[in-house]
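Have a look at the structure below before the remarks.
The values are calculated or read from the model by the stated rules, or taken from the named source; none is laboratory data. Fair warning: this is a prediction, and the values are worked out from it, not measured in the lab. Reconstructed Cβ throughout: ideal geometry from the backbone, glycine too, with neighbour counts over all protein chains shown.
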Amino acid sequence: MPAPSPPPMVAAAARKTPRTSPGTPRATARAPLGPDSLLWRHAADMRSLLPGAAAGLMQLMHPGIGAGVSEHSSFFDAPFDRIHRSVPQIWATILAPDGADRARAIRDLHRGIGGVDEHARRYHALEPETFWWAHATFTWEIFKAAETFHPGTLTAEDHEQMYAETVTWYSRYGVSMRPVPPDYASFQSKFWHVCSRELELTPAAARALEIAKHGSDRLTVLPVGGPRLDRAGRLVIERPLRLLTFGCLPAIVRQRFDIPWTPLDQAQFAALALANRQGYRMMPTGINHWALRTMLRYIGAHTRHERYRPAA
């Protein structure tokens, strides 16, 4: 089977990326991160979460992350709990005044997550490329939300500026910066390479795909509200969530893992994206940011007691 070719925009970006001499790493750009930054404004927007299920699926497809989730969490019994516990903490590393302290606390929670996977490969959550991939999917998520669910487009300068801010965000974790691409073009190229060459159908990813395709009456989707609200919520969100999950995925991921995606699906996804672009025009920015902040705080408060704690 011939090797997949990168999309034209990725190939073009790679051609434009200047080369350095062997052994000379290029400096990775950083930029201040605060309420006036592009990253902060996009992360504070409700739409930043819409590609989140696709980002989570790509995390589970990474061999090291998939193994860690399978062996160190109750993912197979309660797959949505990981999302409910993690997202409020991770978004706080951008939005909270003490974001850097929160990021290092998240890093420390991962120190004991390691082992040997089903193929006898050793893994550890803080292995540099593994930890970077988790962050890379969140970086991708925010760019995907901006490009799909916001009116207008990001300029080339906006892409570079916001990417530099994501590098600052990553530096808050206090981990190796070696895997971090130096600019947005390099990030696109590396992200595509991982999607096309390194991701695999781990047991955790297979379980998540099954739920995304067919749903499940036995799982709790909403973190609060009880069984009745959860059943009602499932009826409302299952179809849109499937469209968001599979529609936001890079095409190469859908192709590699035989994820069904029809022209009708694409048309419905495009309509859903348009509805978000138009609908959010009528929502004042302050209310939008308040809604996200309130939701994350509420979910965070109700899941705090369930968060992962490393063994003493």
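Considering each residue of region 117-141, count those that are over 15 Å from Met61 (Cα atoms) and either hydroxyl-bearing (Ser, Thr, Tyr) or touching an Asp or Glu at 6+ places or on another chain (Cβ under 9 Å) (or both), and give that number.
1
Got at least one residue in region 9-29 being assigned to a loop (DSSP other than H, G, I, E, B), at pLDDT 55 or above, small (Gly, Ala, Ser) and surrounded by fewer than 19 Cβ atoms within 10 Å (Cβ to Cβ)? Can you show your working first?
Just the residues of region 9-29 that are assigned to a loop (DSSP other than H, G, I, E, B), to begin with: 17-29.
Among the residues that remain, those that are also at pLDDT 55 or above are: 26-29.
Within this subset, residues satisfying the condition of being small (Gly, Ala, Ser) are 27, 29.
From what is left, the residues that are surrounded by fewer than 19 Cβ atoms within 10 Å (Cβ to Cβ) are 27, 29.
Looking through region 9-29, at least one residue is assigned to a loop (DSSP other than H, G, I, E, B), at pLDDT 55 or above, small (Gly, Ala, Ser) and surrounded by fewer than 19 Cβ atoms within 10 Å (Cβ to Cβ).
Within region 291-312, restricting attention to residues that are exposed (fewer than 13 other Cβ atoms within 10 Å of the Cβ) and part of a helix (DSSP H, G or I), which residue is modelled with the highest pLDDT?
The selected residue is Thr294.
Please work out which residue is surrounded by the most Cβ atoms within 10 Å (Cβ to Cβ), limiting yourself to region 93-117 and to residues that are out of contact with any helix residue (DSSP H, G or I) (no Cβ under 7 Å at 6 or more places or on another chain) and part of a strand (DSSP E or B).
For region 93-117, the residue satisfying everything is Gly114.
In region 235-292, how many residues are free of Cβ contacts under 8 Å to residues at least 12 places away in the same chain and under 17 Å from Ala212 (Cα atoms)?
6
Name, by its number, the condition in (1) more than 16 Å from Ile83 (Cα to Cα); (2) modelled with pLDDT of 90 or more; (3) surrounded by 10 or more Cβ atoms within 10 Å (Cβ to Cβ) that does not hold for Thr262.
For Thr262, the exception is condition (3).
State whether the residues of region 135-156 include one that is more than 16 Å from Ala29 (Cβ to Cβ), outside any helix (DSSP H, G or I) and of a type in the set (Gly, Ala, Ser).
yes
Suppose the filter is crowded, with 22+ Cβ neighbours inside 10 Å and in contact with a Pro (Cβ under 8 Å, 6 or more places away or on another chain); does Glu141 pass it?
Values: crowded, with 22+ Cβ neighbours inside 10 Å: yes; in contact with a Pro (Cβ under 8 Å, 6 or more places away or on another chain): yes.
Criteria met by Glu141.
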